[in-house]
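A quick write-up on the structure given underneath.
The values are calculated or read from the model by the stated rules, or taken from the named source; none is laboratory data. These numbers come from a predicted model, not from an experiment. Heads up, the Cβs are rebuilt from the backbone with ideal geometry, glycines too, and the neighbour counts pull from every protein chain shown.
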Amino acid sequence: MPAYEDMIKAGMHFGRKKTIFHPRMEPFVYTLKDNIYIIDLIKTTGALLKTIDFLKKLIAEGKMVLFVGQTKQSTEAIKATAEALGMPFVIDRWLGGTFTNFKTINARVKYLEDLEKKQASGDFEKYTKREKAMKEKEIATLRKNFDGIRKLTRVPDAVFVSSLKESQLPVREAKLSGVKIIAIVNTDSDPKQVDYPIPANDNSKKAVEMILETIKNALITN
């Protein structure tokens, strides 16, 4: 677990303004200072331990976790964590239907892989220069959208989102699909939306990276 001092330095304890407070976050609040809610980092540590225990069990059973980072401050850490654990990830844009219309999404991944095989085998050489360029552009677009979910061979058992507020689409799809939800939750969001809320400042790049690094290290060493 990160040291309390390091969590403070990362700004993990900073919640949102009093005016945008969600009342269900009250159990995770330490105090109100200058109209800003301060998160109780003891509760954050407890939530992290609970989350790690849950993820350890999932991974030990060979189950799948999708990591989602739709905020600029989380994309690098989400990708690094997912890749280190051999799990799928989504950064930036969530593709509607990733859970609820999985067959269509999976078909697009297979189409991308088919195009890549044809490109590698020299099959594109039969096309004109313009046609070849169009195929290459199509591959680039498909990679941008689907690269992270190549390992998503089925609807996952759990999803980790780096910011509950910024991840309402994947959270909604996860609920509809019976997927367990883990989320970093700031004081402006409803922790009851998810199964494993981690109360923390989702706006701080350092805080988000520290949480993900802690999860990654705990899961890799076990």
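Considering only residues in region 171-200 that are under 19 Å from residue 63 (Cβ atoms) and basic (Lys, Arg), the one that is surrounded by the fewest Cβ atoms within 10 Å (Cβ to Cβ) turns out to be 175. Taking region 175-206 as the range and being among the hydrophobic types (A, V, I, L, M, F, W, C) and out of contact with any strand residue (DSSP E or B) (no Cβ under 8 Å at 6 or more places or on another chain) as the test, only 176 passes. Only one entry in 136, 173 is touching a Ser or Thr at 6+ places or on another chain (Cβ under 6 Å), in a helix (DSSP H, G or I) and under 27 Å from residue 113 (Cα atoms), namely 173. Total residues in region 120-171 satisfying the condition of being closer than 27 Å to residue 103 by Cβ, under 22 Å from the mean Cα position of the chain (by Cα) and among the hydrophobic types (A, V, I, L, M, F, W, C): the figure is 11. Can you give me the number of residues within region 1-41 that are without any contact (Cβ under 8 Å) to a residue 40 or more places away in the chain, touching a Phe, Trp or Tyr at 6+ places or on another chain (Cβ under 8 Å) and either crowded, with 17+ Cβ neighbours inside 10 Å or among the aliphatic types (A, V, I, L, M) (or both)? Qualifying residue count, region 1-41: 3. Given the criterion touching a Phe, Trp or Tyr at 6+ places or on another chain (Cβ under 9 Å) and modelled with pLDDT under 95, identify the matching residue among 136, 173, 125. Residue meeting the stated conditions: 136.
Within region 79-104, residues that are surrounded by 18 or more Cβ atoms within 10 Å (Cβ to Cβ) reach partners that are hydroxyl-bearing (Ser, Thr, Tyr) with beta carbons closer than 6 Å, at six or more positions or on different chains, in the pairs 91/75; 99/177. From the list 85, 112, the lone residue that is outside the structural domain of residue 170 (by TED's automatic domain parsing) and at pLDDT 95 or above is 112. So for region 128-151 (the condition being of a type in the set (D, E, K, R), surrounded by fewer than 21 Cβ atoms within 10 Å (Cβ to Cβ) and in contact (Cβ under 8 Å) with a residue 40 or more places away in the chain), does at least one residue qualify? Yes, there is a match, as at least one residue in region 128-151 is of a type in the set (D, E, K, R), surrounded by fewer than 21 Cβ atoms within 10 Å (Cβ to Cβ) and in contact (Cβ under 8 Å) with a residue 40 or more places away in the chain.
Checked against (1) outside the structural domain of residue 21 (by TED's automatic domain parsing); (2) surrounded by 14 or more Cβ atoms within 10 Å (Cβ to Cβ); (3) of a type in the set (Lys, Arg), residue 165 passes all but condition (1).
If you go through region 143-170 and pick out every residue that is of a type in the set (D, E, K, R), in a loop (DSSP other than H, G, I, E, B) and closer than 30 Å to residue 40 by Cα, you end up with 1.
Among the residues of region 42-64, the ones that are free of Cβ contacts under 8 Å to residues at least 60 places away in the same chain and assigned to a helix (DSSP H, G or I) come to 7 in all.
Residues checked against (1) among the aliphatic types (A, V, I, L, M); (2) in the same structural domain as residue 202 (by TED's automatic domain parsing):
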| position | (1), (2) |
| --- | --- |
| 52 | yes, yes |
| 64 | yes, yes |
| 68 | yes, yes |
| 89 | no, yes |
| 108 | no, no |
| 128 | no, no |
| 135 | no, no |
